[in-house]
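Scroll down for the structure; my scribbles are underneath it.
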Amino acid sequence: MTAKTIIVTGASRGLGLAVARDAADLGANVVLFARSAEKLEQEAQAIRDEGGKALAVPGDISLEADCRRLVERTIAHFGRIDALVNNAGIIEPIAPLAEASIETWRQNLLTNVLGPVMLTQAALPYLRQNRGRVINVSSGAATYAIPGWGAYCTAKGALNQFNRVLAVEEEMVTAVAVRPGVVDTEMQAVIREMGAAGMPESAYQRFVRLRDEGDLLPPEAPGGAIAVLALFAPRDWDGEFVAWDEERVQELVRKYATRREG
Ligand code: NAP
């Protein structure tokens, strides 16, 4: 069987890197995308050293030209696209609406919403050919408001709607939005660093407590579930917003666990 090719954005660290590694373990060709060119190449090389197939394409998801170049490089290298994981994201600005600069809102929405839209649009012709899947990495913040996270909550709510639009417009593509839980990544470090100034004390302390009490998830846990969804999500989940740890997702993870190497 021809190996599937998956693009993972925000694959230089955190959740995206865990998804990329796991997809490679599941036998997929992996394309890693993020701005940190050197780190990205190191991670792609590490996957190749383990016997996987990986290509690093550095770029900025908020730039349409970079999104198009990512698709072109993927096709030139692997010849197909079966899955796209829209994972790259930023939390900033962490500041009340009344104080945040509109420029920081613009960059948040460009990165978290328009980036996935631009990349999906560029990849659609290839995704259609293979009945491909788009996984939109969302958040609980799509469904409720956290004070100080105005741009992020707005962006993730919009991303969930984009996921539904994709489902109703693109018959040959399966779109699933995922809620990964609270994960021990640099994004959480930024929240702990900037939250004291930009969030109410009680909301901010919740995130400090999660770290102090060891309740942050390792990226590999939701990352493994997202890789499985990207490669095998059932067609009838099209347009849904799922949690990484809900039973039907974990059932799918168990089903494909045996395909991992090692
Ligand atoms: P992270 O460690 O900060 O990683 C973010 C990734 O996105 C990095 O690889 C970063 O790489 C990339 N990125 C940021 N801006 C980019 C841009 N303009 N162009 C290309 N790549 C860009 O955060 P994470 O926690 O893994 O976040 C991954 C996803 O999970 C995000 O969508 C986030 O909203 C979601 N999420 C996270 C949590 C959590 O608790 N951590 C909870 C819910 C949802 P470069 O800096 O090298 O570009």
Qualifying residues in the range 205-224 (those that are under 24 Å from Gly150 (Cα atoms) and without any contact (Cβ under 8 Å) to a residue 24 or more places away in the chain) - the one least open to solvent (accessible area, probe 1.4 Å): Val208
Residue identified as away from the ligand (no atom under 14 Å from the Cβ), of a type in the set (A, V, I, L, M) and open to solvent by less than 50 Å² (accessible area, probe 1.4 Å) among Ala233, Ala197: Ala233
Mind counting the residues in the range 232-262 that are under 20 Å from Asp25 (Cβ atoms), free of Cβ contacts under 8 Å to residues at least 12 places away in the same chain and in a loop (DSSP other than H, G, I, E, B)? 1
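Looking only at the range 180-194, which residues are open to solvent by less than 50 Å² (accessible area, probe 1.4 Å), more than 6 Å from the ligand (Cβ to nearest atom) and part of a helix (DSSP H, G or I)?
Matches in the range 180-194: Ala189, Val190, Ile191, Arg192.
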Those residues of the range 236-252 which are out of contact with any strand residue (DSSP E or B) (no Cβ under 7 Å at 6 or more places or on another chain) and open to solvent by 50 Å² or more (accessible area, probe 1.4 Å) amount to Asp236, Asp245, Glu246, Glu247, Arg248, Glu251
Quick one: is Ala151 assigned to a loop (DSSP other than H, G, I, E, B), away from the ligand (no atom under 11 Å from the Cβ) and aliphatic (A, V, I, L, M)? no
What do you reckon, is Ala88 small (Gly, Ala, Ser) and in a strand (DSSP E or B)? no
Restrict the check to the range 76-85 and report whether at least one residue is crowded, with 24+ Cβ neighbours inside 10 Å and near the ligand (Cβ under 10 Å from one of its atoms). yes
If we keep just the residues of the range 1-28 that are away from the ligand (no atom under 15 Å from the Cβ) and surrounded by fewer than 24 Cβ atoms within 10 Å (Cβ to Cβ), which is farthest from Leu119 (Cα to Cα)? Met1
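Go over the candidates Ile90, Ile81, Ile102, Ile75 one by one and state the one that is hydrophobic (A, V, I, L, M, F, W, C), out of contact with any strand residue (DSSP E or B) (no Cβ under 8 Å at 6 or more places or on another chain) and over 20 Å from Met199 (Cα atoms). Break it down stepwise before answering.
Values: Ile90 fails: over 20 Å from Met199 (Cα atoms); Ile81 fails: out of contact with any strand residue (DSSP E or B) (no Cβ under 8 Å at 6 or more places or on another chain); Ile102 fails: over 20 Å from Met199 (Cα atoms).
Only one candidate passes the filter, namely Ile75.
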So which of Ser62, Ser12 ends up being more than 18 Å from Asp82 (Cα to Cα) and in contact with a Lys or Arg (Cβ under 6 Å, 6 or more places away or on another chain)? Ser12
Filter result for the condition that a residue is small (Gly, Ala, Ser) and part of a helix (DSSP H, G or I), over Ala100, Ala141, Ala95, Ala145: Ala141
Condition check: more than 22 Å from Val253 (Cα to Cα) and open to solvent by 30 Å² or more (accessible area, probe 1.4 Å). Does Ala65 satisfy that? yes
Picked from the range 168-179 (must be open to solvent by less than 10 Å² (accessible area, probe 1.4 Å) and within 16 Å of the ligand (Cβ to nearest atom)), the residue farthest from the chain's Cα centre (by Cα) is Ala175
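The values are calculated or read from the model by the stated rules, or taken from the named source; none is laboratory data. These numbers were taken from a predicted model, which means no experiment stands behind them. Ideal geometry is used to build each Cβ from the backbone, glycine not excepted, and the neighbour counts take in all protein chains shown. For accessibility, only protein heavy atoms count, side chains too; no ligands or nucleic acids. Shrake-Rupley method; radii C 1.70, N 1.55, O 1.52, S 1.80 Å.
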